[in-house]
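Comments concern the structure below.
Derivation of every value follows stated rules applied to the coordinates shown; laboratory data play no part. Source: prediction; values computed, not measured. Note that each Cβ is placed from the backbone with ideal geometry, even for glycine, and that neighbours are counted across all protein chains shown.
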Amino acid sequence: MRFMYFFDTKLKRYTMYGKRMLHPAESGKYQEGISAVRQDDVNIWFYTKNGRTIAIDSGHLDHKGASEMIRHLGIEPDNIRHVLLTHSDVDHCGGVDKNAKKKLFPNAELYLGRGEEVYFDGAFCRMIKAGIPLKNPVRLDAYNTVSNGEILHLNGIQVEVIEVPGHTAGHVCYLVDDTVLFSGDCLAVNAMGGYSLFEFFTQNPVLNKKSLQILKNRIEHSNVKVVCTGHSGIWDYSPKIFAHIDESAKSSWGKPFDITAPKSIRG
Ligand SMILES: [Zn+2]
């Protein structure tokens, strides 16, 4: 069932128009060795230290101009050896799907939370909309599963895995060199601070909120300076990032979540 890819690449821009829910960072270089590529509504993140770069997530399936956008930042996609996937949704794993026409990071090892495997045999639904069960169509070639508290050492870069289930069954965040948190899709952030991600996209909102409490406690004991989100851009860390995690983010035409977000996810 490839409907979720069809939704992601063809329909999402119409259903999201004017709602101002999603506000990814513009493509470019940021502080602490961070670079971002914006693919419409989502970011692929890169972290570079001592000339070595890892990627966090891989964006949409066969996104037009994807490799060129990365090269534009001085990063060669073929040289990426490690891709940390926060979860298995189409907008985060599409770039490395084994059925992509052209894999974005052909020479990379993939890392994914062990809880995400439930989606891959097709038995577990990603969401049910209008009574219709929607399955995750992503399929990966070889990948490594990671679990809570695991520390990876990738070319001199230290990565701690923090399981944050809720948005999906096995969603994880990555704490890199104890200074940068790649939060994937558990948080939505606006000028008021961070909220639990929109319920429409979240498999289990109650569990997501519970997981965010645990994440908050972990991050308060870290040296995190920067938080890079899936759809809300990049933020300097402050306690505000977790200020509203007991509430789900909401957005409507009358009351947009982020008035500074683009009207169109293509814009
Ligand atoms: Zn996403």
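Could you pull out which residues in the stretch 81-104 have an amide N less than 15 Å from a spot 7 Å beyond the Cα of ASN144, following the Cα-Cβ vector?
Residues 81-86 qualify, since their backbone N sits under 15 Å from the label point.
Taking the Cα atoms of the chain, what is the range of coordinates along each of the three principal axes, in descending order and whole Å?
Cα spread of the chain along its principal axes, largest to smallest: 47, 41, 35 Å.
Straight-line reach from LYS98: which aspartates and glutamates have Cα under 12 Å away, leaving out those fewer than 8 places along the same chain?
In chain and number order, the partners are ASP62, ASP141.
Answer with one residue from PRO165, GLY113, ILE151: the one whose Cα lies farthest towards the positive end of the charge dipole of the stretch 112-221, charges on Cβ with Lys, Arg +1 and Asp, Glu -1.
The one lying farthest along the dipole's positive direction is PRO165.
For the stretch 145-166 and the stretch 74-121, what is the separation of their Cα centres, given in Å?
So the separation of the two Cα centres works out to 15 Å.
Just from the alpha-carbon atoms, what are the Rg and Dmax of the stretch 141-218 in angstroms?
13.1, 40
Going by amide H atoms built from the backbone, whose H comes under 5 Å of the H on GLN158, apart from near neighbours?
Amide H to amide H, under 5 Å and 5 or more residues apart or across chains, GLN158 pairs with ASP177.
Do the alpha carbons of any pairs in LYS19/LYS250; LYS64/LYS103; LYS135/LYS250; LYS101/LYS135; LYS64/LYS129; LYS29/LYS225 sit beyond 18 Å of each other, and which pairs? Working shown, then result.
Working: LYS19/LYS250 10 Å; LYS64/LYS103 12 Å; LYS135/LYS250 24 Å; LYS101/LYS135 21 Å; LYS64/LYS129 28 Å; LYS29/LYS225 16 Å.
Cα-Cα > 18 Å for LYS135/LYS250; LYS101/LYS135; LYS64/LYS129; rest within.
Whole-Hz ³J(HN,Hα) for each residue in the stretch 248-259, computed from phi via Karplus 6.51 cos²θ - 1.76 cosθ + 1.60 with θ = phi - 60°, x for glycine and proline: what do you get?
7, 4, 10, 8, 8, 4, x, 9, x, 5, 9, 5
How big is the charge dipole of the stretch 105-166 about its Cα centre, in debye rounded to the nearest 20, if each Lys and Arg gets +1 on its Cβ and each Asp and Glu gets -1 on its Cβ?
On the way: 5 positive and 8 negative charges, 80 e Å.
Charge dipole, the stretch 105-166, about its Cα centre: 380 debye, nearest 20.
Given the Cα-Cα distance of LYS102 and LEU11 and 0.36 nm per residue of separation, how much length would full extension add, in nm?
Between LYS102 and LEU11, full extension yields an extra 30.6 nm.
Once you charge only the Cβ atoms, +1 for Lys and Arg and -1 for Asp and Glu, what is the size of the charge dipole of the chain about its Cα centre, to the nearest 20 debye? Kindly include the intermediate steps, with their values, before the conclusion.
Details: 32 positive and 30 negative charges, 177 e Å.
Approximately 840 debye in magnitude.
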